[in-house]
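Asks: Please find one structure pasted underneath; my questions will follow.
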Amino acid sequence: MAVRAPKALGLDGAIAYTFMARLVSIAGSTGTVLLIVRFLTPVEQGYYYTLLSLVSLQMVFEMGFSFVIQQLAAHECIHLELHADGSIGGDGTAHARLASTLQLSLRWYTLAAVAMGLILAPLGTVFFARHAATGTAHVAWQGPWLAAVGASMVGLWSTPFYSFIEGCGQVRAVAAMRFGQACSTAACAWVPMLLGRGLYSPAMAIVGYAGAGLLFLFTRRRLLTGLLRHPAGEAGIRWSREVWPFQWRIAVSWMCSYFTVQVFIPIVFALRGAVEAGQIGMSLSITGYMTVLALAWTSTKTTPFGRMIARREYLGLDRLFLRTLGQSLAAFAMIALACCGVVVLLPAVAPRLASRMVSPQLFAVLALAAGANCAVQSLAILLRSFKSEPFLVQSLAVASLTLALAGVTAARWGNTGAALSYLFATAIIGLPFAWTIFMRARRVYLTVGTLAATESGA
């Protein structure tokens with residue numbers, strides 16, 4: 001029975017490492033939450049989560065290119081053999097295209113990291129200066145903000161290498177690396193809290209994350225440097241023809257993802273103040289980790305999905321995805337029920353912590369919205385593995401609706417309005433919209449897969 005349980009849950013090595021990494025992240029986040037309650041005032045907590053939310057704007061500068069890189073690498077590596085010493089054997093054209101993918105990624109992310117620093121640093125400075133908390137003790141946010149932006153630049157620059165290596169089939173190695181990143185992130189985040197410099201915690205967390213990642217990249221230096229030096233020639237990736245038609249769509253969807261969740265925190269900060277922003281920030285952080293943990297099942301299948309699509313194994317792809325989707329949503333349901341139960345007990349057992357979060361009823365609303373978001377992200381992972389972005393209109397619609405609702409409801413009803421806006425936009429509108437797109441695409445690839453199976457059988 002003990003052996004069957006992991007198989008029933010779909011726990012392979014990559015999922016196990018990813019799940020452990022996310023468990024460590026949750027444990028680290030839980031420790032951070034307790035340290036925030038212990039060392040930060042309610043106003044400082046609002047600054048903390050608003051700072052984190054604004055730093056998350058790095059996804060706008062990334063423009064979803066990491067997913068594109070992973071799929072490009074996965075589609076080329078089915079023709080290649082990657083050896084332990086960093087050498088590559090197999091088709092010469094595929095080798096050149098793989099090298100071109102990495103070279104293009106490095107150029108893109110170097111420019112993106114510089115642009116992020118030049119734009120985000122003054123943008124956040126103006127935001128905090130304009131909406132600084134009044135009637136309370138001065139909050140020294142300038143140094144923590146600039147430190148967080150600087151650390152994020154390094155973190156963003158290193159992002160494509162992880163996606164590239166994962167696309168090359170080293171899913172388990174990347175998952176193990178992310179476990180190390182989770183441990184390093186938690187340890188580095190706690191140090192400023194314990195030293196009485198809690199607002200520097202986001203910057204130090206990013207330093208821990210990037211540092212562990214750079215150490216991993218050093219162990220893969222032969223593969224990476226070899227590809228960066230390999231001449232792509234005429235066989236190289238043509239960005240304007242092969243990447244941009246896919247990337248601009250996924251870039252828009254990627255940017256919209258910020259405006260469907262993270263945007264609530266700065267909106268509440270600006271309209272209702274730092275204390276309420278801190279409450280919804282902490283609550284959204286917890287429900288966000290619930291989603292991240294459940295997505296371990298789907299996100300680790302990105303490379304296998306891409307390879308099955310490249311081989312046109314659509315019937316097997318469908319079976320694998322539906323099984324993975326069911327496992328992911330079942331995991332989310334169990335995690336959400338456990339978290340909601342704990343939140344219900346908080347006012348009795350930890351009233352100080354309960355006062356720093358939204359009410360148990362609002363937390364349940366946020367959990368339902370996060371569950372819908374988990375399902376949508378799973379559907380998007382599969383369909384984007386076809387190197388297309390069918391969720392562009394859906395993402396724009398949900399993000400626009402979220403912004404419109406949040407701007408009105410948060411001003412009048414605070415966190416209640418923000419939570420209900422999140423639920424309506426994501427679960428009532430976004431999920432049915434996404435499911436319709438998935439079912440339409442599924443009919444197409446199942447038809448192609450059935451025809452291919454019939455022809456091979458004949």
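The values are calculated or read from the model by the stated rules, or taken from the named source; none is laboratory data. Small disclaimer: the values here were computed from a predicted structure and weren't measured. Backbone-built Cβ (ideal geometry, glycine too); neighbour counts: all protein chains shown. Surface areas here come from the heavy atoms of the whole protein model, side chains and all, with no ligands, DNA or RNA. Shrake-Rupley method; radii C 1.70, N 1.55, O 1.52, S 1.80 Å.
Asks: Could you check, for segment 423-432, whether at least one of its residues is surrounded by fewer than 15 Cβ atoms within 10 Å (Cβ to Cβ) and farther than 28 Å from Trp244 by Cβ?
Replies: Checked against the condition, which is being surrounded by fewer than 15 Cβ atoms within 10 Å (Cβ to Cβ) and farther than 28 Å from Trp244 by Cβ, segment 423-432 yields at least one hit.
Asks: Please work out which one of (1) in contact with a strand residue (DSSP E or B) (Cβ under 7 Å, 6 or more places away or on another chain); (2) assigned to a helix (DSSP H, G or I); (3) open to solvent by 10 Å² or more (accessible area, probe 1.4 Å) is the condition Thr32 fails and give its number.
Replies: With (1) in contact with a strand residue (DSSP E or B) (Cβ under 7 Å, 6 or more places away or on another chain); (2) assigned to a helix (DSSP H, G or I); (3) open to solvent by 10 Å² or more (accessible area, probe 1.4 Å) applied to Thr32, the lone miss is (1).
Asks: Gln279 is checked against (1) of a type in the set (S, T, N, Q); (2) open to solvent by 10 Å² or more (accessible area, probe 1.4 Å); (3) under 30 Å from Glu76 (Cβ atoms) and fails just one. What number does that condition carry?
Replies: With (1) of a type in the set (S, T, N, Q); (2) open to solvent by 10 Å² or more (accessible area, probe 1.4 Å); (3) under 30 Å from Glu76 (Cβ atoms) applied to Gln279, the lone miss is (3).
Asks: Can you confirm whether segment 148-161 contains a residue that is at negative phi, surrounded by fewer than 19 Cβ atoms within 10 Å (Cβ to Cβ) and among the hydroxyl-bearing types (Ser, Thr, Tyr)?
Replies: The answer is yes; a qualifying residue exists.
Asks: Something else now. In this structure, is Thr324 at pLDDT below 90 and either buried (at least 21 other Cβ atoms within 10 Å of the Cβ) or closer than 27 Å to Val24 by Cα (or both)?
Replies: no
Asks: Would you list the helices (runs of 4 or more DSSP H) that sit entirely within segment 302-384 and hold 3 or more residues that are among the polar types (S, T, N, Q)?
Replies: Per the criteria, 314-349, 360-384.
Asks: Given the options Leu403, Leu396, Leu423, name the one that is more than 12 Å from Val261 (Cα to Cα) and either in contact (Cβ under 8 Å) with a residue 40 or more places away in the chain or touching a strand residue (DSSP E or B) at 6+ places or on another chain (Cβ under 9 Å) (or both).
Replies: Details: Leu403 fails: more than 12 Å from Val261 (Cα to Cα); Leu423 fails: more than 12 Å from Val261 (Cα to Cα).
Residue meeting the stated conditions: Leu396.
Asks: Condition (residue is outside any helix (DSSP H, G or I), at pLDDT 85 or above and within 20 Å of Phe332 (Cβ to Cβ)) applied to segment 280-299: is it met by at least one residue?
Replies: For segment 280-299, residues outside any helix (DSSP H, G or I), at pLDDT 85 or above and within 20 Å of Phe332 (Cβ to Cβ): present.
Asks: Let me ask another. So Leu214 ticks every box in (1) farther than 22 Å from Leu35 by Cα; (2) open to solvent by less than 20 Å² (accessible area, probe 1.4 Å); (3) among the aliphatic types (A, V, I, L, M) but one. Which box is left unticked?
Replies: (2)
Asks: Going by the structure shown, is Met116 open to solvent by 40 Å² or more (accessible area, probe 1.4 Å), under 30 Å from Phe264 (Cα atoms) and touching a Ser or Thr at 6+ places or on another chain (Cβ under 9 Å)? Give the steps one after another, and end with the answer.
Replies: Numbers: open to solvent by 40 Å² or more (accessible area, probe 1.4 Å): no; under 30 Å from Phe264 (Cα atoms): yes; touching a Ser or Thr at 6+ places or on another chain (Cβ under 9 Å): yes.
Answer is no for this residue.
Asks: Testing Ala310 on (1) more than 27 Å from Leu423 (Cα to Cα); (2) of a type in the set (A, V, I, L, M); (3) buried (at least 24 other Cβ atoms within 10 Å of the Cβ), one condition comes back false. Which one is that?
Replies: (3)
Asks: Are any residues in segment 72-106 in contact with a Gly (Cβ under 6 Å, 6 or more places away or on another chain) and surrounded by fewer than 18 Cβ atoms within 10 Å (Cβ to Cβ), and if so, which ones?
Replies: If the condition is that a residue be in contact with a Gly (Cβ under 6 Å, 6 or more places away or on another chain) and surrounded by fewer than 18 Cβ atoms within 10 Å (Cβ to Cβ), then His79, Glu81, Gly86 are the ones that fit.
Asks: Give the residues of segment 89-145 that are assigned to a loop (DSSP other than H, G, I, E, B) and either touching a His at 6+ places or on another chain (Cβ under 8 Å) or on the phi < 0 side of the Ramachandran plot (or both), sorted by residue number. Talk me through it step by step, then tell me what you get.
Replies: Narrowing segment 89-145 to residues assigned to a loop (DSSP other than H, G, I, E, B): 91, 131-141.
The answer is Asp91, His131, Ala132, Ala133, Thr134, Thr136, Ala137, His138, Val139, Ala140, Trp141.
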